[in-house]
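**Q** Input: one structure, supplied below.
The values are calculated or read from the model by the stated rules, or taken from the named source; none is laboratory data. Computed from a prediction, not measured in an experiment: that's the story for all the values here. Please note: Cβ atoms are built from the backbone with ideal geometry, for glycine as well, and neighbour counts cover all protein chains shown.
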Amino acid sequence: MRDFTWHVFKQTGDIEAYLLYKEMHNLGAAELGSLPGPEDDEGNVADEE
């Protein structure tokens, strides 16, 4: 869906399509931020010192 809104923005220049694209991007980034990633590994010794 994000690709579709970007395509619509590119073709039409419609600011509403761009704002929807950015909102969807931000929501996706927030969802990814809630998942544990490689930086959350327990094997990171630098945080323990």
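**Q** Could you tell me whether Glu31 is part of a helix (DSSP H, G or I) and modelled with pLDDT under 90? I'd like the intermediate steps shown before the answer.
**A** Details: part of a helix (DSSP H, G or I): yes; modelled with pLDDT under 90: yes.
In short, yes.
**Q** For the range 1-30, which residues satisfy the criterion of being touching a helix residue (DSSP H, G or I) at 6+ places or on another chain (Cβ under 7 Å) and of a type in the set (D, E, K, R)?
**A** Result: Arg2, Asp14.
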